[in-house]
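One structure is given below, encoded as structure tokens.
The values are calculated or read from the model by the stated rules, or taken from the named source; none is laboratory data. Since we're looking at a predicted model, the values are computed, not measured. Here the Cβ positions follow ideal geometry from the backbone for every residue, glycine too, while neighbour counts run over all protein chains shown. Areas reflect the complete protein model, heavy atoms only, side chains present, ligands, DNA and RNA absent. Shrake-Rupley method; radii C 1.70, N 1.55, O 1.52, S 1.80 Å.
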Amino acid sequence: MMTNLKYWLKGLAVAATSMIIYAVALGCYMALMLLVISMEEGGDNLSALSISLTEALILLSQGTGFKSGAITLTIIPLLLTLLLIALVRQVAGRFGTNWRGFVSGLVLWELMNVFFVRSVDVGLVDLMAMILLKDAIVFAIGYAIAAIPQSERTRDCMAWLTRHVSSPVRRTVVIGVVLGLLLVAVYLVVGLIAVSFWAVSNQSAVARLYELSGMQNGSRILTTISMLAWLPNLMIWAVSWAFGAGFSIGDLAEFTLWSGQGTGLPALPIFGLFPQTVETNWVRIALMCIPVAAAFVMGMVVMLFNKGFHIRIGGSEQDIDVRHVVMSFAYPIAAFSIASAVVSVISSLLFSLSNGGLGTKHLAHVGVDVIASTRKVGQPTAVGLFSAWLLTLVAVSIFFAVRWMIRRIREQGRGDVVSASTKTSREETRASRTVSSKNNNKEDQGDNNESTDTKGSGVSLP
């Protein structure tokens, strides 16, 4: 009984500790930022709004947008969401995980979020049921990341798979999933590099927008730091921009490799960060070829290196097993199909999560076109992976064809030599037989010494 109670209490501790750490850290920063802004800009003490704003941001980081007057904010600060999930995972790993702890922790987590919903001063855009569902997903993801690797059920499942699924199939699935995740990570790094380039090249535009707003240095610094909460969103939009799909700020502006202007945008400093048109053709082509090139390179690594499928084009003719050769190319094509599916699913999910709104009319949709952006990522990835597979297949086929031709030429050469030697030996045998036959006739004539005398008539010559 006491053991079961301990598990329930651990779940409560996980939820309470995670939320307290997250809320206190976020609340302190919001209070500091509002205090500095109120001191530099004058006016009322904005620190009094820190509690309500912190509650709104806690809900926003879990997917629930809010509205205040003409402002409607539904763009999830994905960096805060990731930090919250990582915090839940870390605390759950320290306290220990169990299904009882998950249930009790989830209940307390939902109760705390209900308290925030009831006490927040701004209006929320979602119904209570949807808010609770989104909050539960965030807590469940963090708890699952900590619980699944340590669970006995996970070990039992892995043991069952080991017994019932062959090693090549398991290896193929693992390689496919890992390859897909690595490609997504590479694309996000490309997005981070693009955002960094935007920040460096457009810093003067951001500074002008800060000057237009009249903000002082302290307010600028803290406001810029707070914008980092949406850095993953910008990275995802930058991926869509670099690969040719672009993104839009409502119906006021659209940013692609071919266009980068907007009219009527609010004077928000972050809008000065967005890119201009890329004038150089080869730069646009190079950016759009990144997913093809990255997928091709990683596909070749998987095909040839020891950690992958280790395709080799060697061995003697006697070592060639047709079934082995066919299967050695069937497993990579299956892994590449899995990797392409992983990239498409994850990119579609990321594009959807990065979108949101800043208003109800012209700024109702801010972000990317999910379908178009997913196509710009998924299709080049599949082309690059299957190009690596096809190139390896062609190289191996050419190698075996050349080796087969060389073998046939050698066999034909040996056959001609054998035929010539056989013909020569036959001629020599025939000649020797002929000579032997002639010698035997002469010997027969020379050895014929029988007497030829006959009886005479009795007359003799003097």
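If you take the residues in region 357-379 that are assigned to a helix (DSSP H, G or I) and in contact with a Gly (Cβ under 9 Å, 6 or more places away or on another chain), which one is surrounded by the fewest Cβ atoms within 10 Å (Cβ to Cβ)?
Ranking the qualifying residues of region 357-379, first place goes to A372.
Give V169, V195 a once-over and let me know the one that is among the hydrophobic types (A, V, I, L, M, F, W, C) and more than 15 Å from I236 (Cα to Cα).
V169
Can you tell me which residues in region 74-86 are open to solvent by less than 40 Å² (accessible area, probe 1.4 Å) and assigned to a helix (DSSP H, G or I)?
Residues satisfying the conditions are L78, L80, T81, L84, I85.
Under 8 Å between Cβ atoms, at least 6 apart or on separate chains: pull out the pairs that start in region 368-388 with a residue that is on the phi < 0 side of the Ramachandran plot and of a type in the set (K, R) and end on any residue that is open to solvent by 20 Å² or more (accessible area, probe 1.4 Å) and at pLDDT 95 or above.
Close Cβ pairs satisfying both conditions: none exist.
Given (1) surrounded by 17 or more Cβ atoms within 10 Å (Cβ to Cβ); (2) in contact (Cβ under 8 Å) with a residue 24 or more places away in the chain; (3) assigned to a helix (DSSP H, G or I), where does D126 come up short, assuming only one miss?
D126 satisfies every listed condition except (3).
From the list G244, G299, G272, pick out the single residue that is part of a loop (DSSP other than H, G, I, E, B) and in contact (Cβ under 8 Å) with a residue 24 or more places away in the chain.
Just one listed residue meets the conditions, G244.
Within region 133-168, how many residues turn out to be open to solvent by less than 60 Å² (accessible area, probe 1.4 Å), in a helix (DSSP H, G or I) and either free of Cβ contacts under 8 Å to residues at least 40 places away in the same chain or of a type in the set (F, W, Y) (or both)?
Of the residues in region 133-168, 8 are open to solvent by less than 60 Å² (accessible area, probe 1.4 Å), in a helix (DSSP H, G or I) and either free of Cβ contacts under 8 Å to residues at least 40 places away in the same chain or of a type in the set (F, W, Y) (or both).
Within region 44-52, can one find any residue that is open to solvent by 20 Å² or more (accessible area, probe 1.4 Å), among the aliphatic types (A, V, I, L, M) and in contact with a Gly (Cβ under 8 Å, 6 or more places away or on another chain)?
Checked against the condition, which is being open to solvent by 20 Å² or more (accessible area, probe 1.4 Å), among the aliphatic types (A, V, I, L, M) and in contact with a Gly (Cβ under 8 Å, 6 or more places away or on another chain), region 44-52 yields at least one hit.
Sort out which residues of region 247-269 are without any contact (Cβ under 8 Å) to a residue 60 or more places away in the chain, in contact with a strand residue (DSSP E or B) (Cβ under 8 Å, 6 or more places away or on another chain), open to solvent by 20 Å² or more (accessible area, probe 1.4 Å) and within 18 Å of L234 (Cα to Cα), and write them in order of number.
Across region 247-269, the qualifying residues are E254, Q261, G262, L265.
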